[in-house]
Amino acid sequence: ASGEGHLPVVQYLVTAGADLNKATEGGYTPLYLASGEGHLPMVQYLVTAGADINQATEGGFTPLYIACQQGHLPVVQYLATAGADINQATEGGSTPLSAARGRGHAEIARVLEEAGATLPEQNVNSE
């Protein structure tokens, strides 16, 4: 329901006690699915209802990452200001910023950079 943008259905399920962070096989949560489809009202509802904004799939992909990859600027802007970790990398080392750049989403990359996002090679601490 969350990936399809059916907000009343999700609101009902949450009111009935559904687990906001329950993931499918592969680790896909309602917030991840809504973020990947660009359903901003659903994303806002899930976050305010207590969904884990940084919960990742089995490969380490977060709701912010998938929104960046798919080019959903309003969702990216919301998640970035709602507390998402803008530099949380996948298991392969890719970050939301590298996903946005890799797909040619320049405006999303700009928003992330203004929020302090860095590319994976910039995340390494040199000691």
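Looking only at the range 43-68, count how many residues are of a type outside the set (A, V, I, L, M) and either touching a Gly at 6+ places or on another chain (Cβ under 8 Å) or assigned to a loop (DSSP other than H, G, I, E, B) (or both).
11
Within the range 77-112, track down each residue that is at positive phi and either open to solvent by less than 40 Å² (accessible area, probe 1.4 Å) or touching a residue at least 12 places away in the same chain (Cβ under 8 Å) (or both).
Of everything in the range 77-112, those that are at positive phi and either open to solvent by less than 40 Å² (accessible area, probe 1.4 Å) or touching a residue at least 12 places away in the same chain (Cβ under 8 Å) (or both) turn out to be 83, 93.
Taking the range 33-80, which residues are within 17 Å of residue 108 (Cα to Cα) and either acidic (Asp, Glu) or in contact with a strand residue (DSSP E or B) (Cβ under 7 Å, 6 or more places away or on another chain) (or both)?
37 - this is the single residue of the range 33-80 that is within 17 Å of residue 108 (Cα to Cα) and either acidic (Asp, Glu) or in contact with a strand residue (DSSP E or B) (Cβ under 7 Å, 6 or more places away or on another chain) (or both).
State which residue is modelled with the lowest pLDDT when the search covers only the range 2-19 and only residues that are over 19 Å from residue 53 (Cβ atoms) and not in a helix (DSSP H, G or I).
4
Do we have residue 101 as in contact with a helix residue (DSSP H, G or I) (Cβ under 6 Å, 6 or more places away or on another chain), of a type in the set (D, E, K, R) and part of a helix (DSSP H, G or I) here?
So residue 101 fits the description; yes.
Just to be sure I understand the filter: pairs with C-beta atoms under 7 Å, separated by 6 or more residues or on different chains, first member in the range 56-76 and closer than 14 Å to residue 27 by Cα and among the polar types (S, T, N, Q), second member assigned to a helix (DSSP H, G or I) and open to solvent by 20 Å² or more (accessible area, probe 1.4 Å). Which pairs pass?
These pairs meet every condition: 57/32.
Which residue pairs have Cβ atoms closer than 8 Å, lie 6 or more positions apart in sequence or on different chains, and pair a first residue in the range 32-55 that is under 19 Å from residue 86 (Cβ atoms) with a second residue that is of a type in the set (Ser, Thr, Tyr) and part of a helix (DSSP H, G or I)?
Close Cβ pairs (under 8 Å, with a partner that is of a type in the set (Ser, Thr, Tyr) and part of a helix (DSSP H, G or I)) amount to 40/78; 43/35; 43/78; 44/78; 47/78; 55/32.
Within the range 45-68, which residues are of a type outside the set (D, E, K, R) and open to solvent by 40 Å² or more (accessible area, probe 1.4 Å)?
Correct list: 45, 48, 49, 50, 54, 55, 61.
The values are calculated or read from the model by the stated rules, or taken from the named source; none is laboratory data. If you're wondering where the values come from, they're calculated on a predicted model, not measured in any experiment. Counting neighbours? That spans all protein chains shown, and the Cβs are built from the backbone with ideal geometry, glycine included. Just the protein is used for accessible areas: all its heavy atoms, side chains included, with ligands, DNA and RNA removed. Shrake-Rupley method; radii C 1.70, N 1.55, O 1.52, S 1.80 Å.
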